[in-house]
Amino acid sequence: MIIAVDGPAASGKGTIARALAKHYGLPHLDTGLLYRAVGIAVLRAGGDPADEGDAFHACAFDDALLTDPGLKSEAAGRAASIVSAHPSVRASLLERQRDFARQKGGAVLDGRDIGTVIAPEADAKLFVTASPDVRARRRFDELQRMGLAVTYEHVLGDIRARDERDSGRGIAPLKQADDAVLLDTSALNVEGAVATAIGLVEQRRKT
């Protein structure tokens, strides 16, 4: 069984995907980490995330980078949103993600284009979203717990800018797959969102 979980930044899709993977005993891949790794590799090399050559060169990052705490920073998130718009970067990471999805037994993947590009054949597809204000508050609280000095207004502006970049890019833009089920987590806590997601997947398994 392949489960695709898509949605914008800080919508709760990662938390839901991890919970689904645990519930069904499936491996999980946060595909956003791949793009964050490319973005942070570009920055650390002194390159420009907006330069496609710099970004493509960074796609050869070592897997060890995927556990780097720096990937959770706002700088990494902004860089990821920028490098993900480059066709060569998306092409470089495409097969890596598809191989993970198609492994024996299935998998859970979360990102921006899982249900539309990476695994359009997924058995269950969820599009997880929440209002920009709610998503910004979640990300702001997370960054504060990490001890980072940020303002809510800055985080909200960053969320809106990333939404615009992710939805407006020409290659694999963020959008809900035609056969994906919408899950709005704006008014849900973690337990409620996870329970709803499991229920939606179960409905798909029965059809």
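I'm trying to understand the selection: among the residues of the stretch 24-42, which are farther than 15 Å from Asp110 by Cα, touching a helix residue (DSSP H, G or I) at 6+ places or on another chain (Cβ under 6 Å) and open to solvent by 10 Å² or more (accessible area, probe 1.4 Å)?
Ile40, Ala41, listed by residue number.
Search the stretch 178-199 for residues that are touching a residue at least 40 places away in the same chain (Cβ under 8 Å) and assigned to a helix (DSSP H, G or I) and pair each with any residue that is open to solvent by 40 Å² or more (accessible area, probe 1.4 Å) and not hydroxyl-bearing (Ser, Thr, Tyr) when their beta-carbon atoms are under 7 Å apart and the residues are at least 6 apart or on different chains.
Ile198/His23
Pairs needed: first member in the stretch 136-147, touching a residue at least 24 places away in the same chain (Cβ under 8 Å) and in a loop (DSSP other than H, G, I, E, B); second member anywhere, open to solvent by 60 Å² or more (accessible area, probe 1.4 Å) and not β-branched (Val, Ile, Thr); C-beta distance under 9 Å; at least 6 residues apart or different chains.
Met146/Pro69; Met146/Lys72
Would you mind stating whether Gly14 is buried (at least 24 other Cβ atoms within 10 Å of the Cβ), in contact with a strand residue (DSSP E or B) (Cβ under 7 Å, 6 or more places away or on another chain) and in contact (Cβ under 8 Å) with a residue 60 or more places away in the chain? Can you show your working first?
Values: buried (at least 24 other Cβ atoms within 10 Å of the Cβ): no; in contact with a strand residue (DSSP E or B) (Cβ under 7 Å, 6 or more places away or on another chain): yes; in contact (Cβ under 8 Å) with a residue 60 or more places away in the chain: yes.
For Gly14, the condition - buried (at least 24 other Cβ atoms within 10 Å of the Cβ), in contact with a strand residue (DSSP E or B) (Cβ under 7 Å, 6 or more places away or on another chain) and in contact (Cβ under 8 Å) with a residue 60 or more places away in the chain - is not met.
Need the failing condition index for Ala122 against (1) closer than 24 Å to Thr15 by Cβ; (2) open to solvent by 10 Å² or more (accessible area, probe 1.4 Å); (3) in contact with an Asp or Glu (Cβ under 8 Å, 6 or more places away or on another chain); (4) hydrophobic (A, V, I, L, M, F, W, C), just the number.
Condition (3) is where Ala122 drops out.
Six or more apart or on different chains, Cβ under 8 Å: which pairs go from a residue in the stretch 43-70 that's in contact (Cβ under 8 Å) with a residue 24 or more places away in the chain and over 20 Å from Arg96 (Cβ atoms) to one that's among the small types (Gly, Ala, Ser) and assigned to a helix (DSSP H, G or I)? Could you list them?
Leu43/Ala75; Leu43/Ala76; Leu43/Ala79; Gly70/Ala76
Is it true that Val89 is over 29 Å from Val134 (Cα atoms) and either open to solvent by 10 Å² or more (accessible area, probe 1.4 Å) or part of a helix (DSSP H, G or I) (or both)?
Numbers: over 29 Å from Val134 (Cα atoms): yes; either open to solvent by 10 Å² or more (accessible area, probe 1.4 Å) or part of a helix (DSSP H, G or I) (or both): yes.
Yes; evaluated as a whole, the condition is true for this residue.
Please determine whether any residue of the stretch 96-118 is in a loop (DSSP other than H, G, I, E, B), open to solvent by less than 10 Å² (accessible area, probe 1.4 Å) and among the polar types (S, T, N, Q). Show your work before the answer.
Initially, the stretch 96-118 is screened for residues in a loop (DSSP other than H, G, I, E, B), giving 102-106, 112-113.
Then keep just the ones that are open to solvent by less than 10 Å² (accessible area, probe 1.4 Å); that gives 106, 113.
From what is left, the residues that are among the polar types (S, T, N, Q) are none.
No: the stretch 96-118 contains no residue that is in a loop (DSSP other than H, G, I, E, B), open to solvent by less than 10 Å² (accessible area, probe 1.4 Å) and among the polar types (S, T, N, Q).
The values are calculated or read from the model by the stated rules, or taken from the named source; none is laboratory data. Because the structure is a prediction, the values reported are computed rather than measured. Cβ: placed from backbone, ideal geometry, glycine included. Neighbour counts: every protein chain shown. Side chains are part of the model used for accessible areas, which takes the heavy atoms of the whole protein and leaves out ligands, DNA and RNA. Shrake-Rupley method; radii C 1.70, N 1.55, O 1.52, S 1.80 Å.
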